[in-house]
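Report on the structure given below.
The values are calculated or read from the model by the stated rules, or taken from the named source; none is laboratory data. The structure displayed is predicted, hence computed values, not measured ones. Note that each Cβ is placed from the backbone with ideal geometry, even for glycine, and that neighbours are counted across all protein chains shown.
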Amino acid sequence: MQNRIKNKNIVLGVCGGIAAYKSVELLRLLKKHGANVRVIMTSNARKFVGQLTFEALSGQPVCTDIFEKNDCAPIRHIDWAREADAVVIAPATANITGKLANGIADDMLSTFMLAVTSPVIFCPSMNTHMYENKAVRRNLERLRTDGYFIMEPETGKLACGTAGPGRLPEPTDILDRVLSSLMPKDLKGKRLLVTAGPTRELIDPVRFISNPSSGKMGYSIARAAEHRGGAVVLITGPVNLPDPLNVNMIHVRTAEEMASAVFKHMKRSDIIIKAAAVSDYRPVTSSKRKMKKGKDEMVLALQKNQDILKKLGRKKENRTLVGFAAETENLEKNARKKLAEKNLDIIAGNIIGRPSSGFGTDTNKVTLFYKNGSKESLPKMEKDALAHILLDRIVELMAS
Ligand code: CTP
């Protein structure tokens, strides 16, 4: 499930808008993730970006004219449509929006689109007034009803000088929607609560106790679950990561804030995955003012934070509960102890302090320990891939 875009056939349709330069970056990202990308440009698109750029980056001839004769069969639009796993049109102009909403096929891109049966990610980008024009709104609505995924443009200052909606979303966000379109929706109807990142326990306004958790594991799980159709709430400590798309974000700082957010959302969750590195202790007092230095030695009194996951375990009912155990030694013994004490279904244990796993890295190497006593040692892998394996196991567990 994790290599969901590798070797997939993606067709990228590029129309004549100033944002066409961003499609070059989108193509690069799709290729970087292993997709086989074919590009169709409208004749106006070629006025904005060179065909050669797309050809060089995709490694394939770019299609612009339905009647041109090069490598391709005369019915290339049909072949490409049949072979496509997903189609993304970025930027989509008012012109292509109008044509597709009305079934008009008068060039390569519009003719190809009528033959497409795969998911379509349609990214309108144009001047704000054009975007807000009633005919364009009507056409977009019709395409939405026809099953296209319409990716709303971003709001900001546009190349034409106006400010408002109309800007093409960032290529990374478009890539995210392409990835999502390729996923089976096996978490549809499920509500997930995920926690991520560290907590910060304030000593004074400028100092805190924390840990180096980057939040990457929890964010990967939230993103993967959303891609698979789940309704996701992500409660996160302070991290330096962009919010995953279409996820209900709750930003917290301290363990106490995380606890109250978790308990507020717990009842509405079917699956809870606690990837956060919660601080076990907080200072007994937190000074409102910056503490001034004084004696050579200073003792900081700490008090225990409540164990959020343990409390969730006591009120488990029929929820699926998953925890993480970061250990420096005795992984199996410690992880199994936490699995039992916190009444979990699965615990993902990893040894921290190694370059390939744990805090801050893009990869992780974990062993999954299950409630029924079994375990599964997974090889080192990207956190995105691990997130999908964990979700696979949760889906299997819920079905058993
Ligand atoms: N956890 C939690 N609340 C806490 C501490 C931990 O919900 N106050 C959760 C973490 O999110 C993780 C799991 O419990 O899913 C295990 O966390 P970990 O820090 O490895 O273990 P602790 O239970 O804190 O035990 P110790 O620090 O002694 O290893």
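Val136 meets each of the listed conditions (1) closer than 24 Å to Leu26 by Cα; (2) at pLDDT 95 or above; (3) out of contact with any strand residue (DSSP E or B) (no Cβ under 7 Å at 6 or more places or on another chain) apart from (1). With respect to the conditions (1) touching a helix residue (DSSP H, G or I) at 6+ places or on another chain (Cβ under 9 Å); (2) within 10 Å of the ligand (Cβ to nearest atom); (3) farther than 22 Å from Asp392 by Cα, Leu241 falls short on a single one, namely (2).
When the test is whether a residue is in contact with a helix residue (DSSP H, G or I) (Cβ under 8 Å, 6 or more places away or on another chain), assigned to a loop (DSSP other than H, G, I, E, B) and either surrounded by fewer than 22 Cβ atoms within 10 Å (Cβ to Cβ) or basic (Lys, Arg) (or both), Gly98 does not pass it. Within segment 315-325, the set of residues being surrounded by 10 or more Cβ atoms within 10 Å (Cβ to Cβ) and not aliphatic (A, V, I, L, M) comprises Lys315, Lys316, Arg319, Thr320, Gly323, Phe324. What about Ser269, is it assigned by TED's automatic domain parsing to the domain that holds Asp392 and either more than 16 Å from the ligand (Cβ to nearest atom) or under 29 Å from His33 (Cα atoms) (or both)? Here the answer is no, as Ser269 does not meet what is asked.
Mind listing just one residue for me: the one in segment 272-295 that is in a loop (DSSP other than H, G, I, E, B) and within 15 Å of the ligand (Cβ to nearest atom) and, of those, surrounded by the fewest Cβ atoms within 10 Å (Cβ to Cβ)? Only one residue tops the list, namely Asp280.
Would you check if Ile250 is free of Cβ contacts under 8 Å to residues at least 24 places away in the same chain and of a type in the set (Val, Ile, Thr)? Taking the combined requirement at face value, the residue satisfies it. Is it the case that some residue within segment 368-387 is part of a loop (DSSP other than H, G, I, E, B), within 16 Å of the ligand (Cβ to nearest atom), at positive phi and surrounded by fewer than 18 Cβ atoms within 10 Å (Cβ to Cβ)? No: segment 368-387 contains no residue that is part of a loop (DSSP other than H, G, I, E, B), within 16 Å of the ligand (Cβ to nearest atom), at positive phi and surrounded by fewer than 18 Cβ atoms within 10 Å (Cβ to Cβ).
Scan segment 296-340 for residues that are more than 10 Å from the ligand (Cβ to nearest atom), within 32 Å of the chain's Cα centre (by Cα) and assigned to a strand (DSSP E or B) and the total you get is 1.
Residue-wise test of (1) under 18 Å from the mean Cα position of the chain (by Cα); (2) assigned to a strand (DSSP E or B); (3) of a type in the set (Lys, Arg); (4) more than 30 Å from Lys292 (Cα to Cα).
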{"residue": "Arg142", "(1), (2), (3), (4)": "no, no, yes, yes"}
{"residue": "Glu152", "(1), (2), (3), (4)": "yes, no, no, yes"}
{"residue": "Gly161", "(1), (2), (3), (4)": "no, no, no, yes"}
{"residue": "Gly166", "(1), (2), (3), (4)": "no, yes, no, yes"}
{"residue": "Thr172", "(1), (2), (3), (4)": "yes, no, no, yes"}
{"residue": "Leu179", "(1), (2), (3), (4)": "yes, no, no, yes"}
{"residue": "Met183", "(1), (2), (3), (4)": "yes, no, no, yes"}
{"residue": "Leu193", "(1), (2), (3), (4)": "yes, yes, no, yes"}
{"residue": "Ile203", "(1), (2), (3), (4)": "no, yes, no, no"}
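Residues that are surrounded by 19 or more Cβ atoms within 10 Å (Cβ to Cβ), in a loop (DSSP other than H, G, I, E, B) and in contact with an Asp or Glu (Cβ under 9 Å, 6 or more places away or on another chain) do not occur anywhere in segment 68-75.
The C-beta contact set for segment 274-291 (first residue closer than 30 Å to Asp345 by Cβ, second residue modelled with pLDDT under 95 and within 6 Å of the ligand (Cβ to nearest atom), distance under 7 angstrom, 6+ apart or interchain) comprises Ala277/Ala326. Scanning segment 170-179 finds no residues that are over 22 Å from Asn102 (Cα atoms) and touching a Gly at 6+ places or on another chain (Cβ under 7 Å). The residues of segment 341-357 that are within 12 Å of the ligand (Cβ to nearest atom), free of Cβ contacts under 8 Å to residues at least 40 places away in the same chain and within 22 Å of Ala225 (Cβ to Cβ), listed by number, are Lys342, Asn343, Leu344, Ile347, Gly349, Asn350.
On inspection, Arg253 passes the criterion of being within 16 Å of the ligand (Cβ to nearest atom), out of contact with any helix residue (DSSP H, G or I) (no Cβ under 7 Å at 6 or more places or on another chain) and in a loop (DSSP other than H, G, I, E, B).
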